[in-house]
Amino acid sequence: MEKILIVEDDAGISDFVNAELKHEGYTTCTALDGRTALENFEKEKPDLILLDIMLPQLSGLEVLRRIRKSSNIPVIILTARGETYDKVNGLNAGADDYIAKPFEIEELLARMSAVLRRSIAPNSKNSKLKNGKLILVPDSMKVTLSDTDLNLSKTEYLMLKFFMENQEKVLTRPQILDSVWGEGHFIDENTVDVYVGYLRSKIDQTAGAEYIKTIRGIGYKMLKLE
């Protein structure tokens, strides 16, 4: 089974999650603060990180930003219930999913399973995808625009790949959610709009051309450019 790094400064929550994941067959390691989280990330090479936002020494968001400089490892952030600001900033920093505390262990396990499925089997095709000056290479997860590398998060990459595989097709928000986050996801449809905004800021604004068009009341379409 996969190795999970649990980063949580509340020892009671950490011990509870640790025991439950071991019972489910996962290998686990833990960290009670941000600096130890980064050390254990390098040392333990986990397959997924459960990352609390509020941590001593380094915040969870800062830990996530540093990890994203070198790795696309799946990360689920743990937030206080109702803290929309934390959720949005976590996704913006590159988190794959979030779960609000307190949570049921069954929900956490389901979210972990969905994120790990996306990570292990991204359903890549070997052929290069091209649209105008935008090129995506699935084998290397490399994306270039006018021969300049684009720094995309894993979620941004998966969404862009889905758009490029379906150029000129109108894609609904549920279709995009299922493709990027997998069936059985717990992500609301507004998250699609957030990530489309991220892609537009990195692609449309840089290229000075509209690649992703909003289809009002339905979803989005990637326009095919010459």
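The values are calculated or read from the model by the stated rules, or taken from the named source; none is laboratory data. Bear in mind the structure is a predicted one, so any value in this text is a computation, not a measurement. Ideal geometry is used to build each Cβ from the backbone, glycine not excepted, and the neighbour counts take in all protein chains shown. Each accessible area value is taken on the protein alone, full model and side chains, heavy atoms only, with ligands, DNA and RNA left out. Shrake-Rupley method; radii C 1.70, N 1.55, O 1.52, S 1.80 Å.
Among 15, 9, 33, 52, which is in contact with a Leu (Cβ under 7 Å, 6 or more places away or on another chain), open to solvent by 70 Å² or more (accessible area, probe 1.4 Å) and not small (Gly, Ala, Ser)? Give the derivation first.
Numbers: 15 fails: in contact with a Leu (Cβ under 7 Å, 6 or more places away or on another chain); 33 fails: open to solvent by 70 Å² or more (accessible area, probe 1.4 Å); 52 fails: open to solvent by 70 Å² or more (accessible area, probe 1.4 Å).
Only one candidate qualifies: 9.
So which residues in region 194-226 are farther than 17 Å from residue 162 by Cβ, touching a Leu at 6+ places or on another chain (Cβ under 9 Å) and not in a helix (DSSP H, G or I)? Once the filter is applied, which keeps residues that are farther than 17 Å from residue 162 by Cβ, touching a Leu at 6+ places or on another chain (Cβ under 9 Å) and not in a helix (DSSP H, G or I), region 194-226 yields 209, 210, 225.
As a summary of the residue check, residue 109 satisfies the conditions (1) under 27 Å from residue 188 (Cα atoms); (2) surrounded by 14 or more Cβ atoms within 10 Å (Cβ to Cβ); (3) touching a strand residue (DSSP E or B) at 6+ places or on another chain (Cβ under 9 Å) except for the one numbered (3). Taking region 55-69 as the search range and keeping residues that are open to solvent by less than 10 Å² (accessible area, probe 1.4 Å) and under 14 Å from the mean Cα position of the chain (by Cα), which one is nearest to residue 142 (Cα to Cα)? Among those that are open to solvent by less than 10 Å² (accessible area, probe 1.4 Å) and under 14 Å from the mean Cα position of the chain (by Cα), it is 67. Of the residues in region 70-92, none is more than 20 Å from the chain's Cα centre (by Cα) and over 27 Å from residue 188 (Cα atoms). Looking across region 36-49, the residues that are open to solvent by less than 30 Å² (accessible area, probe 1.4 Å) and either basic (Lys, Arg) or part of a helix (DSSP H, G or I) (or both) come down to 37, 40, 41. When residue 13 is tested against (1) in contact with a helix residue (DSSP H, G or I) (Cβ under 7 Å, 6 or more places away or on another chain); (2) assigned to a helix (DSSP H, G or I); (3) hydrophobic (A, V, I, L, M, F, W, C); (4) under 29 Å from residue 190 (Cβ atoms), only condition (1) is not met. Against the numbered list (1) at pLDDT 85 or above; (2) acidic (Asp, Glu); (3) out of contact with any Gly (no Cβ under 8 Å at 6 or more places or on another chain), residue 52 comes up short only at (3). Scanning region 60-118 for residues that are closer than 24 Å to residue 12 by Cα, of a type in the set (Gly, Ala, Ser) and either in a helix (DSSP H, G or I) or modelled with pLDDT of 90 or more (or both) yields a count of 4.
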